[in-house]
Amino acid sequence: MAQGRNDKLITALDIGSSKVCALIAEKGDGGELTVLGTGQRESRGVRRGYIADMERTEVAIREAVEQAERIAGVNIEEAWVGFSAGGLVSRVASVEVELGGHRIEQSDIDDLLDAGRNSIDPEGRMVLHAQPTLYTLDDVRGVKKPLGLHADKLGVDIHVIAADASPVRNLDLSVRSAHLAVKSIVAAPIATGLACLSDEERELGVALVELGAGVTNVSLFAGGMLVGLAAIPYGGSDITDDIASAFGTRRSQAERIKCFYGSATTSPRDNHDMIDVAPMAGGEEGTEPQRITRAQLISVIRQRLDLLSGDIAAALKQLGFAGPVGRQVVLTGGGAELKGIADYIQGVLGRAVRIGRPRGLAGLPEAHAGPAFATLSGLALYASSNPVDLRGADPTRPVPERVSPTGLVNRLIAAFRSGY
């Protein structure tokens, strides 16, 4: 039976290359989030984070949401949806208005934000986020609450994240085809950062590497916000495909072998541990399973990891992630569940690496508490934070941005290079 609308309910929907998962949470009076139900289905219509088969994606969305609804005992009508494909662009634009020295009132802040909203031009992209971050009073930067203070000039930095329009519209249409309204489409790195990173990490500077099935997103945080993005167009499913190809087995079997026996690091016993690999369907009847050593499996895995870690290092360098050796990298996503991967990446990058797991939600099932579900939890946390967005209510409405995005980004990147 359909129930009355509960404004405290939040539904998060993460549509990835390997799985579609849903989470229903309830926001308490004190702002805490309690998970009521979760659902998960295999994703067969998404390639490299992009919708490739809308019908299959729609079915997976519907089934994942229905499973979460049954567990939660509620019916939901709308969802916060994550966008995890590549092509995201992060910029910070600055706008300023003259005040003449009078005391700042709410109407002054509203006029400033209107000026910011009207000055944005996406240059062919679709804006996912246009959020005011820090204010500037004359020459004083980093003001969080300007209301009631005096200033000759009032400025604001607007954090803008944009993406190619067509993939966003395809994602939006897939969710609506599953009879769900889209509350907002959220850039996955924003959500994942909320779930895995502390406020202090985001303030001081940290790199977040999300090892997805089809895409690896590298994000740079500083000054409390995301300031740089890069996407590597392969991930954990490519390791699975490498194993399937090298040993002539099915993808499902290769995935099982990777999860149970795979590792990014070696040990003396690897040459003695034997693994049975079932042959690919279509071979001769009665064919015996192939036997390989664990060392052979790890060799295949590390060939792909060598490529991936090199691309991650190059992306971090391009984003300006330099400075002290102690600067931290956080690994998350399904690929971060591979045994020994934090130690492996730490050895390649020469800096501290930890695994990022979702936190901040009560009642999160153990099966959905690993790094593979960080984006899902982060979407719920983002929704509960009631974010201010200059785009307005429509999640697919483009917003302009004609202001040069140099100001704050250049300052933050410069701070990184000088040991922020």
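Calculate the FRET efficiency for Lys8 and Glu288 from the Cβ-Cβ distance with a Förster distance of 56 Å, rounded to the nearest 0.05.
On the way: r = 58 Å, r/R0 = 1.03.
The pair Lys8/Glu288 has a calculated efficiency of 0.45.
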Length added when fully stretched, Glu98-Glu42, from 0.36 nm per residue minus Cα-Cα: 14.7 nm
Apportionment of accessible area to carbon and sulfur, the chain, percent (1.4 Å): 48
For the chain, built as a Gaussian network whose Cα springs stay under 10 Å, the top-fluctuating residue of Leu364, Leu13, Leu229: Leu364
Rough spin-label spacing in nm, given labels placed 7 Å along Cα→Cβ, for Ala314 and Asp138: 4.9
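Which order, highest average first, do 263-271, 68-76 follow once you tally other Cβ atoms within 10 Å for each residue and take the mean per peptide? Each step should come with its number before you reach the end.
Numbers: 263-271: 14.2, 68-76: 17.3.
Answer by packing, highest mean first, reads 68-76, 263-271.
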1.4 Å probe accessible area per residue over the chain, in Å²: 45
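For Phe260 and His179 in the same chain, what is the full-extension length gain: residue separation times 0.36 nm, less their Cα-Cα distance, in nm? Provide the component values of the computation, followed by the final result.
Numbers: separation 81, 0.36 × 81 = 29.16 nm, distance 3.75 nm.
Using 0.36 nm per residue and subtracting the Cα-Cα distance, I get 25.4 nm.
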Cα gyration tensor, segment 98-173 - rounded (a/c under 1.5), prolate or oblate: prolate
Separation in nanometres of the label points that stand 7 Å from Cα toward Cβ, at Met54 and Asn75: 2.5
Dipole magnitude of segment 89-214, debye to nearest 20 (Cβ charges: Lys/Arg +1, Asp/Glu -1, about Cα centre): 540
Euclidean distance of C-alpha centroids, segment 255-280 and segment 1-78, integer Å: 34
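Please give the charge dipole size of the chain, origin at the Cα centre, charges +1 on K and R Cβ atoms and -1 on D and E Cβ atoms. Round to the nearest 20 debye.
Values: 44 positive and 52 negative charges, 160 e Å.
The calculated dipole for the chain is roughly 780 debye.
Rounded, prolate or oblate: which fits segment 220-371, taking a ≥ b ≥ c as square roots of the Cα gyration tensor eigenvalues, rounded meaning a/c under 1.5, else prolate when a/b beats b/c? List each step's numbers first, then the result.
Values: a/c = 2.24, a/b = 1.85, b/c = 1.21.
Judged from the Cα gyration tensor, segment 220-371 comes out prolate (a/c at least 1.5, a/b above b/c).
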Selection from Leu154, Ala246, Cys196 lying farthest towards where the dipole of segment 130-260 points positive, charges on Cβ: Ala246
Value of relative contact order over segment 100-205, rounded to a whole percent, pairs C-alpha under 8 Å and six or more apart: 28
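For segment 98-148, what does the relative contact order come out to in percent, with C-alpha contacts under 8 Å and a separation of six or more? Before the final figure, lay out each step's value.
Numbers: 24 pairs, mean separation 20.0, N = 51.
Over segment 98-148, the number comes to 39 percent.
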Residues whose placed amide H lies under 5 Å from that of Val186, excluding near-sequence neighbours: Val81, Gly82, Phe83
Listed residues Ser267, Ala313, Ile341: farthest to the positive end of the dipole of segment 248-367 (Cβ charges): Ala313
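Give, in nm to one decimal, the length gained when the segment between Asp242 and Arg269 is fully stretched (0.36 nm per residue of separation minus the Cα-Cα distance).
Details: separation 27, 0.36 × 27 = 9.72 nm, distance 2.26 nm.
Result: 7.5 nm gained on full extension.
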Fraction of beta bridges assigned by DSSP in segment 1-150 that are antiparallel (%, nearest 5): 90
Most to least packed among 162-173, 14-25 [average Cβ atoms within 10 Å]: 14-25, 162-173
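If you restrict to DSSP beta bridges whose two residues both lie in the chain, what percentage is antiparallel, to the nearest 5?
Numbers: 59 of 77 bridges.
Of the beta bridges lying entirely in the chain, close to 75 percent run antiparallel.
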Computed accessible area, Ser299, all protein chains, 1.4 angstrom probe, square angstrom: 60
Point-charge dipole on Cβ atoms (K/R +1, D/E -1) for segment 98-164, about Cα centre, debye to 20: 300
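What ranking do 353-362, 92-101, 331-340 get when scored by the average of other Cβ atoms within 10 Å per residue, highest first? If you can, show how the numbers build up before the last one.
Numbers: 353-362: 18.5, 92-101: 16.4, 331-340: 23.3.
Ranking, from highest mean packing down: 331-340, 353-362, 92-101.
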Candidates Gly228, Gly28, Gly49: whichever shows maximal mean-square fluctuation once the chain is modelled as a Gaussian network with Cα springs under 10 Å: Gly28
Three-way shape label, segment 181-260, alpha-carbon gyration tensor, a/c 1.5: prolate
Estimated inter-spin distance, Lys153 and Ser385, nm [label 7 Å along Cα→Cβ]: 2.9
Dipole of segment 105-152, positive end: most advanced residue of Leu128, Val143, Gly116 [Cβ charges, Cα centre]: Leu128
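Hey, what did the chain get for relative contact order, percent, Cα under 8 Å, at least 6 apart?
Details: 962 pairs, mean separation 88.6, N = 420.
Worked out over the chain, it gives 21 percent.
The values are calculated or read from the model by the stated rules, or taken from the named source; none is laboratory data. Computed from a predicted structure; not experimentally measured. Note that we place each Cβ from the backbone using ideal geometry, even for glycine, and neighbour counts take in every protein chain shown. To get the accessible areas, we keep the full protein, side chains included, count just its heavy atoms, and leave off ligands, DNA and RNA. Shrake-Rupley method; radii C 1.70, N 1.55, O 1.52, S 1.80 Å.
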